[in-house]
Amino acid sequence: MMKKIWAPTIFGFCSVLCLAATVAAADAVVHGLVTDAAGKPVRGAIVKATAGNLTVSGYSQNDGRYELTVPAGTYEMTADAFGFGPKRLSKDVSQAGDTNFALSPRLDVSRLSGAEIDSLLPDNPQTRMIRATCISCHNFDTIIKRRGNDSAEWQEFLPSMTGDRQMFQPKFSPEQLAALGAALEKYFGPAAPYFGPDSEAPTAEQIKHAKISDAALKATYREYRVPTSGAWVHSVAVDPARDIAWFAEYDYLSNKVGRFDIATQKFTEYPVPSPKAVPHTPIVGKDGILWMTLDAHNVPAKLASVDPATGVLKEYKWPEKQAGTHTVVVAPDGNLWMSSMSSPDEFLGFDVETEKFKAYKHTVPDKYPDLSNGAWQQYAGKPVGITYAVAVDSKGSVWFTETMLGTIARLDPKTGVTTEFKPPETPDMDGIIVDQQDNVWFSDFTGNKLGKLDTKTNKFTMYQPPTEKARPYGLVLDKKTGSIWYADFSGNNITRFDPKTNSSSSTRFRPTARIHDSSDSTARGVSGSANGGTTNSAFSIPKVHRRSLPGRAQDFFGFARPVCNGERGRHFPFHSSPLVITFP
């Protein structure tokens, strides 16, 4: 639940793979109609076909019809849609004819997205504390799983929620724990409106549900299970020159760098020598070397690399520093800049030639701004300037998001001088990118918006996503079109924003974990390859996903992981999975 000072988070990305638009001779097309109990077509239902290691998913169109291309075999098929209960059946795709689904009405609050649950809550200091503290590694849909707990039960559960096997336990002051327990009891306890065990459910009209766009209806997902059972697959980076998708296996028990060869669909895993190093975010360097941040606190190894030609993994240690590295970007000179969710006041750089680290101090205020997650979480003591994401502009300036402060920091590497920018309506932020005009785009996470800083005028512009309670997370720039892609953490959406028209197009993302529970996945991060593609990082079971569009030679890769019971990026007992997706 608690977004701890040292907590990491989840970052994702996407890549492009050129595929033939024609169906392979061995593939089959399964198709049919999704209707309601009265026989009327259901638009936007998610239809999935699963056999062995592969799951293929798509959407029913405006007329209720769907079509999936899958390899020959027998599949477990499911259909699910907002306001309906899921349906399952088995299908041998060699059999001709439609495979139809008739869905029955059903509204279950445990199957709502985090954004839909959030839309039913008031805005006050208690709900702000819950939003700032709990909604970071997981969503409201995870809190729902323990609805009915009173304050004492919440206070007993929270400090030990992770079991300390896969990530360390969260820490709370007695005052924080008491305040959080009281707030959770009020809004998710025995007598809570809508969410108490015996409370009357909201109506569909009371829930703010954003419909999927027509453009997004054309997408197809493909999911592939990773070899390590229960691995928490984290961020992903694609090397389009070598057709490799790299990813982190982030949990204590896995502790690996993962590789997925796109052409052969083969996985290779590289164990990190340092125990509990917490591999977090990969990036491909200018020479094709894979770099992986190591997010663990108080572990000497801060960074790892893998040579794709030899498979040799190398660690880079900095024993003088306790802080780990979180996300990473390659600068124009080929060197690396890294954020840190465990350093209260430093940015980190790495020279790839000398293999030396360097820390840069930045300014931290004496108290948290009133509009900040630090203030909302009721942290006592000196504020911390932990940084989540990092980007570099065309002039070489480095930009960081200071997540607890809700600020952006710019570092001039030549002088070491930092400048702080405080956006409006932004309690905290996660993802950050710089476009081709050197505008800085950022995710206004708890403020439910996408933000832009015009670096020429220092003017901020905030954009409201289609989902009212969206939480933009990881961002990626499509260099071909100028569109901004982002993962909507609470809405379980992947959203494309066109800055030229100020218009958005969203697709609901629901990986396979449990088709009957739409809350099983949470979109986290996006990133892009040099080809301008986009992929999603989210929450699901251990799989890699690819999503493609009919008539387009583009696929996008990312990773997914399941909703959790604990703190941001670290404190939760869950499994995760890589995800590969394509967008219109």
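For the condition closer than 16 Å to GLY285 by Cβ and in a loop (DSSP other than H, G, I, E, B), what is the one hit in ASP366, ASP333?
Details: ASP366 fails: closer than 16 Å to GLY285 by Cβ.
Sole residue among the options that is closer than 16 Å to GLY285 by Cβ and in a loop (DSSP other than H, G, I, E, B): ASP333.
Quick one: is GLU425 on the phi > 0 side of the Ramachandran plot and among the acidic types (Asp, Glu)? In short, yes. Of the residues in segment 235-248, none is buried (at least 20 other Cβ atoms within 10 Å of the Cβ), within 30 Å of PHE195 (Cα to Cα) and touching a residue at least 60 places away in the same chain (Cβ under 8 Å). Criterion applied to GLU353, GLU320, GLU315 was being in the same structural domain as THR401 (by TED's automatic domain parsing), among the acidic types (Asp, Glu), modelled with pLDDT of 95 or more and out of contact with any Ser or Thr (no Cβ under 7 Å at 6 or more places or on another chain), and the one residue passing it is GLU353. Just wondering, is there one or more residues in segment 351-363 that are out of contact with any Leu (no Cβ under 6 Å at 6 or more places or on another chain), closer than 27 Å to LEU180 by Cα and among the charged types (D, E, K, R)? No, segment 351-363 contains no residue that is out of contact with any Leu (no Cβ under 6 Å at 6 or more places or on another chain), closer than 27 Å to LEU180 by Cα and among the charged types (D, E, K, R). Here is the figure for segment 409-435: residues that are buried (at least 21 other Cβ atoms within 10 Å of the Cβ) and more than 24 Å from the chain's Cα centre (by Cα) total 1.
If a residue must be in contact with a helix residue (DSSP H, G or I) (Cβ under 6 Å, 6 or more places away or on another chain) and either within 13 Å of ASN100 (Cα to Cα) or part of a strand (DSSP E or B) (or both), how many such residues does segment 38-70 contain? Spell out how you get there, then give the answer.
From segment 38-70, those in contact with a helix residue (DSSP H, G or I) (Cβ under 6 Å, 6 or more places away or on another chain) are 59, 61; that's our starting set.
With either within 13 Å of ASN100 (Cα to Cα) or part of a strand (DSSP E or B) (or both) added as a condition, the list becomes 59.
Result for segment 38-70: 1.
Count of segment 26-82 residues, restricted to those that are free of Cβ contacts under 8 Å to residues at least 60 places away in the same chain and touching a His at 6+ places or on another chain (Cβ under 6 Å), is 1.
Report, by residue number, each residue of segment 186-200 that is over 18 Å from ARG128 (Cα atoms) and either touching a residue at least 40 places away in the same chain (Cβ under 8 Å) or within 28 Å of the chain's Cα centre (by Cα) (or both).
PRO190, TYR194, GLY196, PRO197
Once segment 71-116 is narrowed to residues that are touching a helix residue (DSSP H, G or I) at 6+ places or on another chain (Cβ under 7 Å) and in a loop (DSSP other than H, G, I, E, B), the residue that is surrounded by the most Cβ atoms within 10 Å (Cβ to Cβ) is SER113.
Note on segment 303-325: among residues that are touching a residue at least 12 places away in the same chain (Cβ under 8 Å) and more than 14 Å from LEU290 (Cα to Cα), the one that is nearest to the chain's Cα centre (by Cα) is THR325. Of the residues making up segment 223-240, those that are more than 21 Å from HIS297 (Cβ to Cβ) and either aromatic (Phe, Trp, Tyr) or in the same structural domain as ASN53 (by TED's automatic domain parsing) (or both) number 1.
Within segment 466-486, track down each residue that is crowded, with 24+ Cβ neighbours inside 10 Å and in contact with a Leu (Cβ under 9 Å, 6 or more places away or on another chain). Write out each step before concluding.
So in segment 466-486, the residues crowded, with 24+ Cβ neighbours inside 10 Å come out as 467, 470-476, 484-486.
Within segment 466-486, ALA470, PRO472, LEU475, ILE484, TRP485, TYR486 meet the criteria.
Of all positions in segment 249-259, none carries a residue that is in contact (Cβ under 8 Å) with a residue 40 or more places away in the chain, β-branched (Val, Ile, Thr) and farther than 18 Å from TYR224 by Cα.
Under the condition of being under 21 Å from the mean Cα position of the chain (by Cα) and farther than 16 Å from VAL312 by Cβ, which residue from segment 259-278 is surrounded by the most Cβ atoms within 10 Å (Cβ to Cβ)?
First, the residues of segment 259-278 that are under 21 Å from the mean Cα position of the chain (by Cα): 259-260, 277-278.
Filter again for farther than 16 Å from VAL312 by Cβ, leaving 260, 277-278.
Details: PHE260: 24, ALA277: 27, VAL278: 30.
Within segment 259-278, the match that is surrounded by the most Cβ atoms within 10 Å (Cβ to Cβ) is VAL278.
For segment 31-66, the set of residues classified as over 30 Å from the mean Cα position of the chain (by Cα) and of a type outside the set (Ser, Thr, Tyr) consists of HIS31, GLY32, LEU33, ASP36, ALA37, ALA38, GLY39, LYS40, PRO41, ASP63, listed by residue number. Scanning segment 117-164 for residues that are under 13 Å from LEU180 (Cα atoms), buried (at least 21 other Cβ atoms within 10 Å of the Cβ) and of a type in the set (Gly, Ala, Ser) turns up just one, ALA132.
Pick from PRO308, PRO273: which is closer than 24 Å to ARG222 by Cβ and either in a loop (DSSP other than H, G, I, E, B) or touching a Cys at 6+ places or on another chain (Cβ under 9 Å) (or both)? Spell out the reasoning first.
Values: PRO273 fails: closer than 24 Å to ARG222 by Cβ.
Testing whether each residue is closer than 24 Å to ARG222 by Cβ and either in a loop (DSSP other than H, G, I, E, B) or touching a Cys at 6+ places or on another chain (Cβ under 9 Å) (or both) leaves just PRO308.
The set of residues in segment 367-408 that are of a type in the set (A, V, I, L, M, F, W, C), buried (at least 24 other Cβ atoms within 10 Å of the Cβ) and within 14 Å of ALA132 (Cα to Cα) comprises TRP376, MET404, LEU405.
When we screen LYS302, LYS314, LYS321 for residues that are among the basic types (Lys, Arg) and in a loop (DSSP other than H, G, I, E, B), the only hit is LYS321.
The values are calculated or read from the model by the stated rules, or taken from the named source; none is laboratory data. Just so it is clear, the model here is predicted, and its values are computed rather than measured. Note that each Cβ is placed from the backbone with ideal geometry, even for glycine, and that neighbours are counted across all protein chains shown.
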